[in-house]
Amino acid sequence: MHTVPLGPRRTRVSLYLGLVLAVIMIVVGIVAIAVNGPLWFALVMLIAGAIIAGIAVVRLVLLRRT
């Protein structure tokens, strides 16, 4: 299968979308804790959101340097 390489602009947009998704996941995790939802769900959302946000921020910083 042939893949088309993304340019820096498209990569930056996809990283910003990933960052928005991560923030939404973190908010959902906080809301799940606030409304006494399942703790496992809240922890999964918080941890996954934090990991995705961290990766997106690091890649955005590295992309900005080049």
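The values are calculated or read from the model by the stated rules, or taken from the named source; none is laboratory data. Worth saying up front: this structure is predicted, and the values here are computed from it rather than measured. Glycine also receives a Cβ, built like all others from the backbone with ideal geometry; neighbour counts cover every protein chain displayed. Ligands, DNA and RNA are stripped out before the accessible areas are found, and what is left, the full protein with its side chains, is counted by its heavy atoms. Shrake-Rupley method; radii C 1.70, N 1.55, O 1.52, S 1.80 Å.
For the chain, the longest principal axis of the C-alpha atoms and the axis of helix 8-34 are separated by about 0°.
Leaving out ligands and nucleic acids, and using a 1.4 Å probe, what accessible area per residue does the chain come to in Å²? The partial results should precede the final answer.
On the way: 5150 Å² over 66 residues.
Per residue, the chain has 78 Å² of solvent-accessible surface.
Sorting the segments 43-54, 28-39 by their residues' average number of neighbouring beta-carbon atoms within 10 angstrom, most packed first, yields 43-54, 28-39. Could you give P(r) for the chain, binned at 5 Å from zero, as whole percent values over all Cα-Cα pairs? Histogramming the chain at 5 Å steps yields 3, 19, 21, 16, 14, 11, 8, 5, 2, 0 percent. Subtracting the Cα-Cα distance of Asn36 and Thr11 from 0.36 nm times their residue separation leaves 5.3 nm of extension gain.
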